[in-house]
1. If we scan the stretch B:6-26, do we find a residue that is within 14 Å of another protein chain (Cβ to nearest Cβ), assigned to a helix (DSSP H, G or I), charged (D, E, K, R) and without any contact (Cβ under 8 Å) to a residue 12 or more places away in the chain?
2. For a quick check of your reading of the model, give me the residue pairs whose first member lies in the stretch B:169-189 and is under 17 Å from B:GLU29 (Cβ atoms), whose second is exposed (fewer than 13 other Cβ atoms within 10 Å of the Cβ) and at pLDDT 90 or above, with beta-carbon atoms closer than 7 Å and at least 6 apart or on different chains.
3. Of all residues in the stretch B:67-95, which are over 21 Å from B:GLY131 (Cα atoms) and either part of a helix (DSSP H, G or I) or of a type in the set (A, V, I, L, M, F, W, C) (or both)?
4. If you check A:SER174 against the conditions, is it more than 30 Å from B:ASP74 (Cβ to Cβ), more than 7 Å from chain B (Cβ to nearest Cβ) and over 19 Å from the mean Cα position of the chain (by Cα)?
5. Conditions: (1) assigned to a loop (DSSP other than H, G, I, E, B); (2) touching a residue at least 60 places away in the same chain (Cβ under 8 Å); (3) more than 9 Å from chain A (Cβ to nearest Cβ). B:VAL51 meets all but one. Number of the miss?
6. Would you say A:GLY26 is at pLDDT below 90 and loosely packed, with under 15 Cβ neighbours inside 10 Å?
7. Evaluate the following for B:LEU133: is it within 11 Å of another protein chain (Cβ to nearest Cβ), buried (at least 21 other Cβ atoms within 10 Å of the Cβ) and in contact with a Cys (Cβ under 8 Å, 6 or more places away or on another chain)?
8. Report, by residue number, each residue of the stretch B:99-122 that is more than 7 Å from every other protein chain (Cβ to nearest Cβ), farther than 17 Å from B:LEU149 by Cα and either among the β-branched types (Val, Ile, Thr) or buried (at least 22 other Cβ atoms within 10 Å of the Cβ) (or both).
Amino acid sequence: MSDEIEVKLFYSGKRESNILKQYEEGFNYLHEVNMNIQIIDVDKNPEEAEYFKIIATPALWIKTSGQNQKFFGLAEGLKQLLVNELQGKITLNMLEFKDGRLLAKNLQVEKSNRDEVEKLLQEKMESKGIYKFELEIYRPDEAYAEVSLISDKTIEEYGKIKKPDCLRITAFLSGIFTELFDKEVAGDEVHCKMQGNEKCLFRIMEKKESEEKTRERIRKMFK
Amino acid sequence: MKTEDIEKITTAFKDLPEHWLLLFVINAEDYLEKNMAVLNEVLNQEDTVGVYVTLNRPYSLLTKILEKNNINTDKLFFIDCITKTLGLEKDNKKCLFLENPQNLTNITIAIDEISSVIPSKNKLLLVDPMGTLLIYNRAETVSKFLHILTGKIRVLNLNGVLFATEKELDLEFANQLEQFVDKTVDLSK
């Protein structure tokens, strides 16, 4: 599979110097499955960017079985390449989590101000294909939130699944709230639009197993 | 792999204190190959039984990779911190699946409990890769975890090998890690 795929990443070394680190796990995974990615700094090599008609960076150019695809904004393009295998999905979730943390880190907002946080996140989410984002419950002091939303991706798959399955959005939200709460939190999707609900609902909280339960599980392992 | 790297790996395990902790820094391009070479070297030592904390590679895939590289997985117990983030997975005799890599307390408990019941005097802890901790946790939480981890290694009479990729280590984290380990082996060049 990987032999047939050609991937080029176009980025600006001057303006987007952090992008290689931000998506590092994705590039490493592609390397491991022998899918080599050519990285092109458009500041140093504008001719190649022009040849491939790259009008904005970062961008991914992917050639599979003779078909060319261009993705402006790195994340979506990488997702196309990562989604197929278990390790790819794990890597993808990791990138979503990082994306979420980065987004929240750069929010110019008083984190205890629920309305302001919601408004800013609504604006940011729309560019990622996430709509009707609402903070149903927001308790930063308890590191707890419930979030409802509608995503482009779930609409496409509407009604096809039995259990909540928006893993990428869950990881993205977990990253966002890790920064907002300044605490390690993880998300769960409580119900999903794909199950026929009006919106997807996510619960974000500190997700820890009790120490006793962990010990009990280990005791069972060695029985 | 370069002869120089093979030599570095072989000599890394010489002249160490009674209980030691090593950090291997590897370039992303050759990560798997060098990672396997280190594991082969350290697990070949007599009576070694290891606890392998995997932070970014699922147990199901990791064991296949290890077996493909002729590494005896019978000598390893696994703590998988990532598979459950994609859904449910049931524990088995060889692997404990933790909820997520944010669960550093539970990782410590798991290391503690599993190491205590391993029937070997030559116990080894492997953590792979350290940089993933910084994706899911705040820097101060990871720092506390490192303190606890190094303490555990001494108390539980373990030896330890930490892996990290060159790029994922920012300077501050790299410096911090180096303070905790007996030796850093740079395989990234």
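1. If we filter the stretch B:6-26 for residues that are within 14 Å of another protein chain (Cβ to nearest Cβ), which is where we start, we get B:26.
Now drop any that are not assigned to a helix (DSSP H, G or I), which leaves none.
No; the residues of the stretch B:6-26 include none that is within 14 Å of another protein chain (Cβ to nearest Cβ), assigned to a helix (DSSP H, G or I), charged (D, E, K, R) and without any contact (Cβ under 8 Å) to a residue 12 or more places away in the chain.
2. Qualifying pairs under 7 Å: none.
3. Of all residues in the stretch B:67-95, those over 21 Å from B:GLY131 (Cα atoms) come to B:67-77, B:87-95.
Listed by number, the residues that qualify are B:GLU67, B:LYS68, B:ILE71, B:THR73, B:ASP74, B:LYS75, B:LEU76, B:PHE77, B:LEU88, B:CYS95.
4. On the way: more than 30 Å from B:ASP74 (Cβ to Cβ): yes; more than 7 Å from chain B (Cβ to nearest Cβ): yes; over 19 Å from the mean Cα position of the chain (by Cα): no.
Criteria not met by A:SER174.
5. The single condition B:VAL51 does not satisfy is (1).
6. On the way: at pLDDT below 90: yes; loosely packed, with under 15 Cβ neighbours inside 10 Å: no.
For A:GLY26, the condition - at pLDDT below 90 and loosely packed, with under 15 Cβ neighbours inside 10 Å - is not met.
7. Answer is no for this residue.
8. B:ILE118
The values are calculated or read from the model by the stated rules, or taken from the named source; none is laboratory data. Because the structure is a prediction, the values reported are computed rather than measured. Positions of Cβ are backbone-derived with ideal geometry, glycine not excepted, and every protein chain shown enters the neighbour counts.
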